[in-house]
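Here is the structure we will look at, set down as structure tokens.
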Amino acid sequence: MNWALLSLDGLFFSLRWFHIFFGVIWIGVLYYFNFIQGPFFAETDAPTKSNAIQKLVPRALWWFRWGAMGTFLTGLGMLGFMDSQYGHAYWGTGPGVLILIGASFATLMWANVWFVIWPAQKIVIASATAVAAGKPADPTAAARGARGGVASRTNVLFSVPMLFFMAAAKHLSLFTISPDKSLVPLVVVFGVIILGLEANALKGKTGPMTSVKGVVHCAFALAVVMYILSEVLTK
Ligand code: HEM
């Protein structure tokens, strides 16, 4: 009997299935934080907010960060699998370039979760717990929470072009790269845009991404601009 799942191709499919599964968990909780919890915290009373920070937020953050880790590790696994199966030259083809753009966005998003948002939230949670126990608040908690907030908004901004490019790799099959075209301009332009936005996540402000409507508009606008640039710079 030839069981499709018990083949090399089936193994790759399993990796991809778990990748999407973890991705749904991660990005679902990201959207919950930004679209639902944030606006609720802005208008609820202080005791309710404090209670939620101590008992609800840690649970949501557990699914959030481990969802991110599962997505990242299965994504890396697929990159390694593709490299060994298709060869290094694959990364210069249309699908290879699209997946690398999506993976670059997603890797920065993963780093924002583990090295900016989660450390900041640990301080916010510890401070709320201390205050509830009658101890003084951590004076750095507000600033760290705000920095985590900018990184979280940036992840929403990145999520739309990230998913566009990642899903386009296999399904927007007409995307090709002219054989005589150097990929250097694409790498430079995309590098400047993506790293510039990441620098803003680490040092800047939310600006037009402050409201839910604002960040959703910015995210779709970024995806459209980057798609147009990807066509122009590869033809
Ligand atoms: C964290 C870093 C990530 C890396 C390194 C990564 C890498 C990859 C790779 C290598 C593929 C296979 C593409 C192909 O078969 O041609 C892929 C597909 C995909 N990824 Fe990611 N990914 C990451 C994050 C995410 C996130 C956050 C999501 C959000 C849900 C996501 C959703 C998808 C989807 C929907 C596919 C398409 C599967 C298909 O077309 O069959 N990925 N990713």
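Scanning segment 168-184 for residues that are assigned to a helix (DSSP H, G or I) and either surrounded by 15 or more Cβ atoms within 10 Å (Cβ to Cβ) or free of Cβ contacts under 8 Å to residues at least 60 places away in the same chain (or both) turns up 168, 169, 171, 184.
For residue 93, are the conditions met, namely being closer than 30 Å to residue 50 by Cα, β-branched (Val, Ile, Thr), open to solvent by less than 70 Å² (accessible area, probe 1.4 Å) and out of contact with any His (no Cβ under 6 Å at 6 or more places or on another chain)?
On the way: closer than 30 Å to residue 50 by Cα: no; β-branched (Val, Ile, Thr): yes; open to solvent by less than 70 Å² (accessible area, probe 1.4 Å): yes; out of contact with any His (no Cβ under 6 Å at 6 or more places or on another chain): yes.
So residue 93 fails the test.
What is the residue count in segment 201-210 for residues that are outside any loop (DSSP other than H, G, I, E, B) and open to solvent by less than 50 Å² (accessible area, probe 1.4 Å)? Talk me through it step by step, then tell me what you get.
Taking segment 201-210 and keeping what is outside any loop (DSSP other than H, G, I, E, B), we get 201-203, 207-209.
Imposing the further condition that a residue be open to solvent by less than 50 Å² (accessible area, probe 1.4 Å) reduces the set to 201, 207, 209.
The total comes to 3.
Does residue 228 satisfy being over 17 Å from the mean Cα position of the chain (by Cα), under 28 Å from residue 82 (Cα atoms) and not in a helix (DSSP H, G or I)? Spell out how you get there, then give the answer.
Numbers: over 17 Å from the mean Cα position of the chain (by Cα): yes; under 28 Å from residue 82 (Cα atoms): yes; not in a helix (DSSP H, G or I): no.
Here the answer is no, as residue 228 does not meet what is asked.
Within segment 128-158, the set of residues being charged (D, E, K, R), under 24 Å from the mean Cα position of the chain (by Cα) and surrounded by fewer than 21 Cβ atoms within 10 Å (Cβ to Cβ) comprises 144, 147.
Can you tell me which of 133, 137, 126, 142 is within 26 Å of residue 207 (Cβ to Cβ) and more than 15 Å from the ligand (Cβ to nearest atom)?
Working: 133 fails: within 26 Å of residue 207 (Cβ to Cβ); 137 fails: within 26 Å of residue 207 (Cβ to Cβ); 126 fails: within 26 Å of residue 207 (Cβ to Cβ).
Sole residue among the options that is within 26 Å of residue 207 (Cβ to Cβ) and more than 15 Å from the ligand (Cβ to nearest atom): 142.
Report whether or not residue 122 is in a helix (DSSP H, G or I), open to solvent by 20 Å² or more (accessible area, probe 1.4 Å) and without any contact (Cβ under 8 Å) to a residue 40 or more places away in the chain. Answer is yes for this residue.
When segment 1-53 is examined, which residues are found to be open to solvent by 40 Å² or more (accessible area, probe 1.4 Å), under 17 Å from residue 121 (Cα atoms) and in contact with a Phe, Trp or Tyr (Cβ under 8 Å, 6 or more places away or on another chain)? Scanning segment 1-53 gives a single hit, 49.
Exactly one residue out of 106, 141, 128 is closer than 18 Å to residue 169 by Cα and either in contact with a strand residue (DSSP E or B) (Cβ under 8 Å, 6 or more places away or on another chain) or not polar (S, T, N, Q) (or both), and it is 106. What do you reckon, is residue 190 outside any helix (DSSP H, G or I) and farther than 24 Å from residue 36 by Cα? Taking the combined requirement at face value, the residue does not satisfy it. Out of 52, 89, 68, 60, I need the residue that is within 23 Å of residue 230 (Cβ to Cβ) and hydrophobic (A, V, I, L, M, F, W, C). Which one? On inspection, the qualifying residue turns out to be 89. Return the pairs, sorted by first residue and then second, in which the second residue is open to solvent by 30 Å² or more (accessible area, probe 1.4 Å) and within 16 Å of the ligand (Cβ to nearest atom), the first residue lies in segment 23-41 and is β-branched (Val, Ile, Thr), the beta carbons are less than 7 Å apart, and the residues are 6+ apart or on different chains. Within 7 Å, the pairs are 25/63; 29/63.
Those residues that are among the aliphatic types (A, V, I, L, M) and open to solvent by less than 50 Å² (accessible area, probe 1.4 Å), I need them from segment 96-119; list them, please.
97, 98, 99, 101, 103, 106, 108, 109, 111, 113, 116, 117
The values are calculated or read from the model by the stated rules, or taken from the named source; none is laboratory data. This is a predicted model, so every value here is computed, not measured. We place every Cβ from the backbone using ideal geometry, glycine too, and count neighbours over all the protein chains shown. With ligands, DNA and RNA removed, areas are computed over all heavy atoms of the protein, side chains included. Shrake-Rupley method; radii C 1.70, N 1.55, O 1.52, S 1.80 Å.
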